[in-house]
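All remarks here apply to the structure that follows.
The numbers here are math on the coordinates, done by the rules we state, and not lab data. Note that this is a predicted model, so its numbers are computed, not measured. Cβ: placed from backbone, ideal geometry, glycine included. Neighbour counts: every protein chain shown.
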Amino acid sequence: MNTALLEQLRTALPDEGSVLTDPDILRSYEHDEADLVPYGTPAVVVRPRTTGQVSAILRAASRHNVPVIPQGARSGLAGGANAIDGAIVLSLVAMNEIIDIDPDNRIAVVQPGVVNAQLSRAVAERGLYYPPDPGSWELSTIGGNVSTDAGGMCCVKYGVTSDHVLGLEVVLASGEVLHCGRRTAKGVAGYDLTSLFVGSEGTLGVITEITVRLRPAPEPSLTLVAVFDTFAAAGAAVSAIVGSGMQPSMLEVIDRVAMSAIEAYRPMDLPTTAAALLIASVDSGSRAPDDLAAIEAMCKRAQAAEVYVATDAEEADALLAARRLAHPALEHFAAHLFPLGGGIMVDDVAVPRTRLVELIEGIERISTEHGVVVATVGHAGDGNLHPIIVIDRADPVSLSQGQKVFDDIMALGLALGGTSTGEHGVGLLKRDWLAREIGPTGLKAHRSIKLALDPGNILNPGKIF
């Protein structure tokens, strides 16, 4: 790396451990959790603690025309945080302060390195609720959640991260600090720049402060699990529940392959001979028992083999924990199936709720046609599924077949009127699919915005498009 730039970085970040150049440490910052997408080795990792330090880093990088890769916990699944050779990795994990929790205005102000579960628990102590809860909530940071517009199991009722972001502090490529959004309940002044930066994956600016909307703590949830002999029947139950106008607080689906992997990874007495498991929760207060009974009836009409109602919060939490284990369990399953190179490709396709059964049936057909193991879990209530493709990295044929399955599922999702990503972001994994989805005019608009805010293309270059 340019010696002058390195000295400028050390001057801007004088604290020990804030500027890292050890080769072994640099390698640990090369990539996120996405499999089979390229990455490089950064020249330096910087760990700022203040907005002023981020500003100084970007001014120096712009002056020397060196790429900057913003990173959080690196729990992403699309390669959006992957480094490139010679870049500056700007790790935001040290900016981890909850600045303010304001119960009267129902907002919180946090730095980007605050972990999702940390914020959720802190506001719960004040009788409040921060709904977004990605599967990696014990690890992923709010900054990363905002950058990818992450979702979670609450999405069916409470929406994704963007539905809860009121304002941002963002450092632009020039080092200038932009404040956008508001702290008020209403506000329509100017362009909605906050929404522009949410989901931009670090390509337009570095987010250094986030103001989020909070809700009153919900009533305790009631939960059931329905067991189905076919995955399509589980999808039909979801369509009936959503079509009825009900608003469950969770509606998750797990197929047989995923259940078997979870059970092998951490035994929980899951019904691994069933084709699919549907987990539904309601938090509608005094109406909850009736609402859950209505969901139970709809599951039975959709030919559920069995329906179990959780007897207490502990049992309900165990079901939620099972769903959160899908990703690590399938990584373990892949390593067992292919000892020399087991891996997974995690998809994230969302379709209109009315097309969910077609998506489910299509995924099963594609898996069979290519002879590739595909496990499917997802947020069935909002049409967002995560087919997880099991591949052998050491076998070129397996890699090729896995890529074909991935592409066929993506093509199916778009053909059903869906989108290439519901919550994981585009990153490197889905650049080509974004281009197909938004078309030439959409790409031109994206590139024009990027050029206006980052004329030197130093911020996370090559990501999204």
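Data table
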| read-out | value |
| --- | --- |
| 0 to 90° range, to nearest 10: angle between helix 313-324 axis and the chain longest Cα axis | 60 degrees |
| For segment 282-326 and segment 430-456, distance of Cα centres in Å | 42 Å |
| Nearest-20 debye value, segment 261-383 charge dipole, Cβ charges on Lys, Arg, Asp, Glu | 260 debye |
| Segment 29-155 - share of DSSP beta bridges that are antiparallel (%, nearest 5) | 40 percent |
| Assigned charges on the beta-carbon of Lys, Arg, Asp, Glu; segment 1-54 dipole about Cα centre (debye) | 260 debye |
| Principal-axis tilt of helix 431-453 within the chain, Cα atoms, nearest 10 degrees | 30 degrees |
| Distance histogram for segment 347-441 (every C-alpha pair counted, 5 angstrom bins, percent rounded to whole numbers) | 2, 14, 26, 24, 20, 9, 3, 1 |
| Relative packing of 236-244, 363-371, 223-231, which averages over residues the other C-beta atoms within 10 Å, highest first | 223-231, 236-244, 363-371 |
| Separation between Cα centres of segment 94-122 and segment 159-178, rounded to whole Å | 15 Å |
| For segment 352-419: relative contact order, % (alpha-carbon pairs under 8 angstrom, 6 or more apart) | 34 percent |
| Point-to-point label distance, Ala415-Asp15, nm (Cα→Cβ direction, 7 Å offset) | 5.3 nm |
| Nonlocal amide H pairs with Gln71, under 5 Å, H built at 1.01 Å | Leu90, Ser91, Leu92 |
| Cβ-based charge dipole, segment 165-277, positive-most Cα from Val171, Gly199, Ala275 | Val171 |
| For Gly342, residues with placed amide H under 5 Å, excluding near neighbours | Arg393 |
| Per-residue ³J(HN,Hα) for segment 419-428, Karplus 6.51 cos²θ - 1.76 cosθ + 1.60, θ = phi - 60°, Hz, x for Gly and Pro | 10, 6, 7, x, 6, 8, x, 9, x, 9 |
| For segment 315-432: relative contact order, % (alpha-carbon pairs under 8 angstrom, 6 or more apart) | 31 percent |
| Near-label residues of segment 22-56 by backbone N, under 20 Å of a point 7 Å along Cα→Cβ of Arg63 | 43-56 |
| Spread of Cα-to-Cα distances over 5 Å intervals beginning at zero, given as percent, for segment 32-88 | 4, 19, 25, 23, 17, 9, 2, 0 |
| Charge context of Gly143, other residues only, Cβ under 15 angstrom, K/R +1, D/E -1 | -3 |
| Cβ-based net charge around Arg49, under 13 Å, with every Lys or Arg adding one and every Asp or Glu removing one | -3 |
| Lys pairs under 20 Å by Cα in the chain, provided they are eight or more residues apart or on distinct chains | 6 |
| Rounded tilt (10° steps) of 231-243 against the dominant C-alpha axis of the chain | 80 degrees |
| Estimated distance in nm for a label pair at Leu340 and Ala297, the labels positioned 7 Å out from Cα along Cα-to-Cβ | 5.8 nm |
| Among (1) 155; (2) 147; (3) 164, the entry derived from the coordinates for volume of the Cα convex hull per residue in Å³ | (2) |
| Förster radius 35 Å - calculated FRET efficiency between Phe465 and Val188 (Cβ-Cβ, nearest 0.05) | 0.75 |
| Listed peptides 1-11, 372-382 by packing density, highest first (mean Cβ within 10 Å) | 372-382, 1-11 |
| Interchain or long-range residues, amide H under 5 Å from Leu128's placed H | Ala217 |
